[in-house]
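Working notes for the structure below.
The values are calculated or read from the model by the stated rules, or taken from the named source; none is laboratory data. Just so we're clear, the structure is a prediction, and the values are computed from it rather than from any experiment. As a convention, Cβ positions derive from the backbone with ideal geometry for all residues, glycine included, and neighbour counts pool all protein chains shown.
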Amino acid sequence: MSDDQPLPTNDQPSLSDGKRLLSSDRSLLTTDRSLLSGGKPRQRDAAATKARLLQAATDEFATHGIAGARIDRIAAAAKANKALVYAYFGNKEALFEAVLDTHVGRLLAEVPFTADDLPGYAGRLFDYLLAHPHQLRLATWHRLEEGADKRNPAELNDSLEHNAGLIATAQDRGTLPTTFTPADLLVFTLALSSAWMPGSPTAMPRAALDIHRAAVVEAVRRLVTK
């Protein structure tokens, strides 16, 4: 044997050792195939896994809150490895913030604010919250468990400030009364829109929901009638 040839050592894994290592962690490889692309996650697979985790986390947080939620259950529901939750989101609290941000973004996109038609906006918001019961549950857990130390999502704060500004502009034009401040009028509209929300869209007869929706729209109409 020449001096240049490396000596065999017991530290070098055998072929059978490699097979055992591969099979022992096959769950991680099959759970997220994005990890197999030369060490670089394939964006499409990573996005799909994140979407499943966010949906599973939505259900978990809406049901159990932040303290009661379990990463194990979220990963199992998403059919993903638990390690991916930490890899993508960092920790449970950050995952909750990502869930809240996602749902706030959807609400703002699907229910555009109209200062010149606050009654119509209230009706559309009522419909959205009824169809998406997780929205209010997540907001409630956010207030109860995170309190004043945690601010609202930045997108929500920006939207509230912007919408109050639109109300102020409408008041300056004379199309809205100045009985209430812009912030108060906005908060009253939001509160009325969510006041009759049941725990589930099927928890109340449709006829009763229609009556409540009409009452919400009428209440906001009276608020803005000069």
Does at least one position in the stretch 213-224 carry a residue that is surrounded by fewer than 18 Cβ atoms within 10 Å (Cβ to Cβ), within 27 Å of the chain's Cα centre (by Cα) and among the β-branched types (Val, Ile, Thr)? no
Counting only residues that are outside any helix (DSSP H, G or I) and in contact (Cβ under 8 Å) with a residue 24 or more places away in the chain, how many does the stretch 180-197 have? 3
Of residues in the stretch 70-122 being in contact (Cβ under 8 Å) with a residue 60 or more places away in the chain and buried (at least 18 other Cβ atoms within 10 Å of the Cβ), the one farthest from GLU60 (Cα to Cα): ALA115
Given the conditions (1) outside any loop (DSSP other than H, G, I, E, B); (2) surrounded by fewer than 17 Cβ atoms within 10 Å (Cβ to Cβ), every one holds for ALA203 apart from (1)
Within the bounds of the stretch 94-111, is there any residue that is in the same structural domain as ALA215 (by TED's automatic domain parsing), over 16 Å from the mean Cα position of the chain (by Cα) and not hydrophobic (A, V, I, L, M, F, W, C)? no
Hits in the stretch 206-226 (condition: β-branched (Val, Ile, Thr) and either part of a helix (DSSP H, G or I) or in contact with a strand residue (DSSP E or B) (Cβ under 9 Å, 6 or more places away or on another chain) (or both)): ILE211, VAL216, VAL217, VAL220, VAL224
